[in-house]
1. Within region 57-78, can you find the residues that are free of Cβ contacts under 8 Å to residues at least 24 places away in the same chain and part of a helix (DSSP H, G or I)?
2. Out of (1) exposed (fewer than 14 other Cβ atoms within 10 Å of the Cβ); (2) within 16 Å of the ligand (Cβ to nearest atom); (3) more than 28 Å from residue 163 (Cα to Cα), the odd one out for residue 64 is which?
3. Residue by residue through region 10-56, note down the ones that are in contact with a strand residue (DSSP E or B) (Cβ under 9 Å, 6 or more places away or on another chain), in a helix (DSSP H, G or I) and within 16 Å of the ligand (Cβ to nearest atom).
4. Among the residues that make up region 180-194, is at least one of them more than 15 Å from the chain's Cα centre (by Cα) and closer than 21 Å to residue 124 by Cβ?
5. Farther than 21 Å from residue 103 by Cβ, over 18 Å from the mean Cα position of the chain (by Cα) and at pLDDT 95 or above - does that describe any residue in region 33-51?
Ligand SMILES: Cc1cc2nc3c(=O)[nH]c(=O)nc-3n(C[C@H](O)[C@H](O)[C@H](O)COP(=O)(O)O)c2cc1C
């Protein structure tokens, strides 16, 4: 049991290029969404919602927007970084079976959100934990997940009819995959390496990195 958990944690990958487009069985999707909804949340506010998008037209509209934002980022790069980035795929919006947009509603359970009075971001942290639960559950179900953040929030709000006070936190691509790579795409393309976990651990107080 414990080994299975660690196995899923280490096998989880951000997927862009390995989606098959095959359908997701309804019971599998239910388990994955229920796992997301089982996440901890500040004051038990459960500030997340999940918008499921199968429509090709909506997904294509979003994809075109992502392409534009890719160009915006690419324009900030020079030399080897620009060359490396040009080879990196940043989304599987059109190839994946389903898009899941995860949102954050800061008004849910407010004004008395127990534990959020000093740290407003605690609500957002809660949504990210739901996303991680979804990601791990999907991995255990042999599905891939890709997190796309190359978008402007107002664009996604408008596209999906999300109220103005609600934030679209993640556009997730979900679906069956041919396989999960053993190393992150960004490592494989020489963009950045994962640092050893020991470097992230400090004893007693912050010491210069
Ligand atoms: C908040 C967040 C936003 C991300 N946005 C993107 C994105 O827009 N496009 C993309 O290809 N990957 C995106 N990723 C995936 C990361 O690049 C990926 O997690 C990282 O390179 C490590 O790889 P791994 O998840 O396979 O371990 C995002 C991840 C997070 C946590």
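1. So the first thing to find is which residues in region 57-78 are free of Cβ contacts under 8 Å to residues at least 24 places away in the same chain, and the list is 57, 64, 67-68, 71-72, 74-78.
Scanning region 57-78 gives 57, 64, 67, 68, 71, 72, 74.
2. Residue 64 satisfies every listed condition except (3).
3. 36 - this is the single residue of region 10-56 that is in contact with a strand residue (DSSP E or B) (Cβ under 9 Å, 6 or more places away or on another chain), in a helix (DSSP H, G or I) and within 16 Å of the ligand (Cβ to nearest atom).
4. no
5. If we filter region 33-51 for residues that are farther than 21 Å from residue 103 by Cβ, which is where we start, we get none.
Within region 33-51, none of the residues are farther than 21 Å from residue 103 by Cβ, over 18 Å from the mean Cα position of the chain (by Cα) and at pLDDT 95 or above.
Residue by residue, here is whether (1) closer than 24 Å to residue 13 by Cα; (2) within 15 Å of the ligand (Cβ to nearest atom) holds:
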| site | (1), (2) |
| --- | --- |
| 68 | no, yes |
| 106 | no, no |
| 111 | no, no |
| 116 | no, no |
| 143 | yes, yes |
| 154 | no, no |
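The values are calculated or read from the model by the stated rules, or taken from the named source; none is laboratory data. What you see is a predicted model; the values in this text were computed from it and never measured. As a convention, Cβ positions derive from the backbone with ideal geometry for all residues, glycine included, and neighbour counts pool all protein chains shown.
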